[in-house]
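Please treat every number below as a calculation from the coordinates, not as lab data. A quick note: this is a predicted structure, and the numbers were derived from the prediction, not measured. Positions of Cβ are generated from backbone atoms using ideal geometry, with glycine treated the same way; all protein chains shown enter the neighbour counts.
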Amino acid sequence: MEGKHKTMPDTATILTAPRIAKHAGMTVAGLAERYSPQTSGAIPALWRRFGPIMRDIPGQVGANTYGVCFGFEPDGSFNYLCGVQVAPGQALPAGLTSVEIRNQTFAVFDHTGHISGISATWKAIFGEWLPSSGCSLEVEPQFEVYSEAFDPQSGMGLVEIWIPLKAGTAA
């Protein structure tokens, strides 16, 4: 191609239709920090800090890890928590935070590409799917589920993105 550069499409932005699922609710505990749209690229550093302590959090339930977004502000800033599910009311060591996921309905999306493309999947959910879905968003919390099938070393494996829907919404 003379003088023209062709770029490959980002496959992480190809969304399949979500499944609609009820979640019974849970408590997630771990490390949390505040981010803006400009600083959210630093979230992987929070995961690196969380990795060495994640199996030492008292009261853990199951083996999944979670990335939870909450505390959204109009300027786009939000809290992001790297955590594990814990028993309700669990006392936590200093420096850890917990957040409650309520019993509600979610649209659940699969991110199957490399983890570095997950921000493109989030953008496609809010920029493409949500505006055309007819669904009403319950702002928070939104969360990612990393099962034991996700390999943090390679950055590959299924990650589910759970987006809360207002009652009475159908996709």
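Quick one: which of 91-98, 103-110, 134-141 comes out on top by average Cβ neighbours within 10 Å, and what's the full order, highest first?
103-110, 134-141, 91-98
What length, rounded to one decimal in nm, is gained on full extension from residue 63 through to residue 49, with 0.36 nm per residue of separation minus their alpha-carbon distance?
Going from the current span to full extension adds 3.2 nm.
Calculate the dipole size of the chain relative to its Cα centre from +1 charges on Lys and Arg beta carbons and -1 charges on Asp and Glu beta carbons; express the result in debye to the nearest 20.
Dipole magnitude for the chain comes out near 40 debye.
What nm distance separates the two modelled labels at residue 20 and residue 126, each placed 7 Å from Cα along Cα→Cβ?
A separation of 2.3 nm, rounded to one decimal place.
Read through the labelled values [x] 12.0; [y] 12.7; [z] 10.6 and report the label of the one computed as mean projected area of the Cα convex hull in nm² from the structure.
From the options [x] 12.0; [y] 12.7; [z] 10.6, the structure gives [x].
For the chain, what does the helix formula give at 222 nm: sum of -39500 (n - 2.57) over DSSP H segments with n ≥ 4, over the residue count, nearest 500 deg cm²/dmol?
-2500 deg cm²/dmol
If I take every Cα pair under 8 Å that is 6 or more residues apart in the chain, average their sequence separation and divide by the length, what percent do I get for the relative contact order?
This gives 30 percent for the chain.
Can you give the FRET efficiency for residue 114 and residue 72, using 1/(1 + (r/R0)^6), R0 = 22 Å, r = Cβ-Cβ distance, to the nearest 0.05?
0.25
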